[in-house]
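The structure under discussion appears below in the form of structure tokens.
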Amino acid sequence: MSVADASLAIRGARVLALDDADHDWARADIVVEGGRIAAIGPDAARDWPRPLPRTIDGRGLLAMPGLINAHFHSPGNLMKGSLPGYPLEIFMLHEVPPLASGGDASRLAYVRTMIGALEMLRRGITAVHDDAYHVPVASTESVDAIMQAYADAGIRATVAIDQPNIVEYEKVPYLAELLPAEERRAMDAAPRQTTEELLSIYAHLIERWHGAEGGRLAAAVSCSAPQRVTDDYFAGLSELSKRHDLPFNIHILETKLQRVLGREKFGKSLVRHVHDLGFLDERMMVIHAIWIDDDDIRLLADSHCTVAHNPVCNLRLGSGVMPYRALRDAGVPICLGTDEMNTDDSVNLWFVAKTAALIHTLASPDYGTWPQPAEILHAATRGGARAMRREDRLGQFAVGAEADIALLDLDSVAFTPLNDLKRQLVHCEDGGSVRMTIVAGRVVCENGRITTVDEPALRAEMRELMAAGRAQQRRAAREAARLEPYYREMVLRAASQDVGMNRWLN
Ligand SMILES: [Zn+2]
């Protein structure tokens, strides 16, 4: 893409910068050159010395930084609306079947990734942090398919390989004793990758894709969760994260069962376990952090990590409610994620923002502690940028920042009448007002039409690929049904334990 392709001007829009000075211009211009914001403010375009290839009439529109979906798993894109309400551990039987064999065809992975990317672009989500798992094993081909989809879609993407490598029944408490011997043997025989194999795929991801497309694509690392990987692989990932300054994705204490597991397996909280290993640092994005105690909150704050809050997913899986205000009061930065399409059933970060603004009113009658629109918007933009290690360049408008911009129609239902812009962005907007999405200075969606790829053709191909995969889906569903009674027993047994806290309503 040439510099001219990534240069344009927006004239006369309302501009909400979401920067430190909290600029909110009733009427201003944004000049973009070479994918970056070159000038911003009233009459910035009129005063610009060089001609620009395109000028967008911003009158009646709001220009704001594109939202950042800080936690997502693109491989779930096929499963939107497919599952009834399950707790995480039952849900995962369907999401990542523990006895799966074979693998994803590259074309399927490409089209699947693309479908989610396009849904985000339509809603003004300009960047995604994808913790991509590979069932049953990762390969350079499956990594390339995902990265190529993000390259072609035009969205900004930071992508990790989320690949557990220990036997299924060791990731959870009680299951080893609950399972019949033949199911345990089948799990023993399921494919798992060695530390060497996985780190060589990471080397490929970093070498080929980290910084690709002018820096629009980037690599992250992921251990999925501390209890799901071998010690040497965990250490290898931590070393990789430090060496290349990569974000480290880690799910910690999403469920009560995981609190029980920490006690049974490590004799301590999983946050303290990761801290004691020396891995908890500012590169970590700790995902969920629901069943955490005061000691965990102190460790998270001292480490300068970021916590990814996914309240819609947490409600969908009945995981409980993250102690939002306690984390914020301790100084822990928060970002927002949809999590995957089978736990949100969309990739709509606007809905996540509204849910985050609402659910914590249940935590305290002191309404002074309830989340305010400005902090929710901060989490949905700069919080995500921080977790992607790009806080200086993403999530806010400033000269030199990446030109990742959402243009919203202020004549839409959400803003009519316009009383309080930030509150209406959080409480009224659902992505339906987005008229244009710009990533790195390039218009990628305009008036509901994706400009980068043939979206209707990709949707049609998706339906064909899904139909072709029905037999495999039915086999996975049968296996999940056979295993479910043992998992159910495990979940209920863990739920009945006293762990010294409660993150549910009861
Ligand atoms: Zn997740």
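Here are some notes:
- Every pair of residues 6+ apart whose Cβ atoms lie under 7 Å, when the first sits in region 205-227 and is closer than 23 Å to PRO164 by Cβ while the second is acidic (Asp, Glu): SER222/ASP131; SER222/ASP162; SER224/ASP162
- Close contacts from region 16-33, counting a first residue that is of a type in the set (A, V, I, L, M, F, W, C) and a second that is buried (at least 18 other Cβ atoms within 10 Å of the Cβ) and at pLDDT below 95, with Cβ to Cβ under 9 Å and a gap of 6+ residues or different chains, come to VAL32/ALA6.
- Contacts under 9 angstrom Cβ, first residue in region 345-367 being crowded, with 20+ Cβ neighbours inside 10 Å, partner in a loop (DSSP other than H, G, I, E, B) and of a type in the set (A, V, I, L, M), 6 or more apart: VAL347/MET341; HIS360/VAL321; HIS360/MET322
- Some residue of region 249-256 being without any contact (Cβ under 8 Å) to a residue 24 or more places away in the chain and over 20 Å from GLY320 (Cβ atoms): no
- Filter result (within 20 Å of the chain's Cα centre (by Cα) and either of a type in the set (Phe, Trp, Tyr) or farther than 30 Å from MET284 by Cβ (or both)) within region 34-79: PHE72
- Residues satisfying the stated conditions in region 368-378, i.e. part of a helix (DSSP H, G or I) and either surrounded by fewer than 19 Cβ atoms within 10 Å (Cβ to Cβ) or without any contact (Cβ under 8 Å) to a residue 24 or more places away in the chain (or both): GLY368, THR369, PRO373, ALA374, GLU375
- Candidate set: region 288-312, residues that are in contact with an Asp or Glu (Cβ under 7 Å, 6 or more places away or on another chain) and touching a residue at least 40 places away in the same chain (Cβ under 8 Å); chosen: the one nearest to the ligand (Cβ to nearest atom): ASN310
- Here the condition is being over 26 Å from LEU483 (Cα atoms), part of a strand (DSSP E or B) and of a type in the set (Asp, Glu); of ASP5, ASP29, ASP19, it holds for ASP29 alone.
- Taking region 54-81 as the range and being in a loop (DSSP other than H, G, I, E, B) and within 13 Å of the ligand (Cβ to nearest atom) as the test, only HIS73 passes.
- Where helices (runs of 4 or more DSSP H) sit wholly within region 389-500, those with at least 1 residues that are out of contact with any strand residue (DSSP E or B) (no Cβ under 8 Å at 6 or more places or on another chain) and closer than 18 Å to ALA13 by Cβ occupy 421-427.
The values are calculated or read from the model by the stated rules, or taken from the named source; none is laboratory data. Please read all numbers here as calculations on a predicted model, not as lab measurements. Quick reminder, even Gly has a Cβ in these numbers, built from the backbone with ideal geometry, and neighbours come from all protein chains shown.
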